[in-house]
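Coordinate-derived values only; no laboratory data. Note that the structure is a prediction, hence the values are computed from the model and not measured. When we count neighbours, we look across all protein chains shown, and the Cβ atoms used for this are built from the backbone with ideal geometry, even at glycine.
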């Protein structure tokens, strides 16, 4: 049982490039979310999903896109990377009971 | 909208002394409250939660938290700190009436326990 798996762990992009951050969970959780962590700002919600085929915007959605074609996977796409998107990104999954969120190990992204 | 405040960027405590990490919250309804810990280069790990019931909640690694509705606070405590407790601690809240995925985090408090 791997929990929440994020890939890659580290990534450097040039401004304007696009990429996809992968997130997969094997716990059959209904809810999944993407957060970004920046110094002094805690974790901010980017996008979330309440089930396959259903996504919605969080607090800071601009510049990011998501889809949820299966229960297990919730990829985050950066459409045209900007230096302001330099951050650590965390994926979380939450069971329908809502008892706690399970986090991946994070992806450290640098945009130059 | 729900929000969380962690007023201290860093808390310093000597090993063996009690520690407190402060958290206050704001929600329109009843809150679900959580504490998470983050060790360097790792994801967040769940420590404890308050859903309903007793105001004193016990969690992992000897941590506990006290829910105070009148003061809208949920402070994290431990009777005797360990050097290994040094980490970044996050308080989080969601309104009972909003979705489970809408978890709002504080800015984090770095705990430094000195030998």
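Structure notes:
- Using a Förster distance of 35 Å, the FRET efficiency for residue B:55-residue B:114 (Cβ separation, nearest 0.05): 0.70
- Intensity falloff of segment A:3-83 expressed as log10 I(q)/I(0), Debye formula with alpha-carbon point scatterers, at q = 0.14, 0.16, 0.20 Å⁻¹: -0.47, -0.61, -0.95
- The orientation-averaged projected area of the convex hull spanned by the Cα atoms of chain B comes to 6.9 nm².
- Mean separation of Cα contacts under 8 Å (6+ apart) over length of segment A:21-112, as relative contact order %: 30 percent
- Full extension of the chain segment joining residue A:77 with residue A:108 gains 9.7 nm, where the gain is 0.36 nm per residue of separation less the Cα-Cα distance.
- Dimensions of segment A:45-110 along the principal axes, based on C-alpha atoms and rounded to the nearest Å, stand at 37, 23, 20, largest first.
- Ratio of Rg to Rh for the protein assembly as shown: 0.97 [Cα atoms; Kirkwood radius as inverse mean 1/r over pairs].
- Here the gap between residue A:52 and residue A:14, fully extended at 0.36 nm per residue and compared with their Cα-Cα distance, gives a gain of 10.5 nm.
- Alpha carbon centroid spacing (whole Å) that separates segment A:1-45 from segment B:29-43: 16 Å
- Between B:31, B:40, B:18, the Gaussian network model of chain B with springs among Cα atoms under 10 angstrom shows the greatest mean-square fluctuation at B:40.
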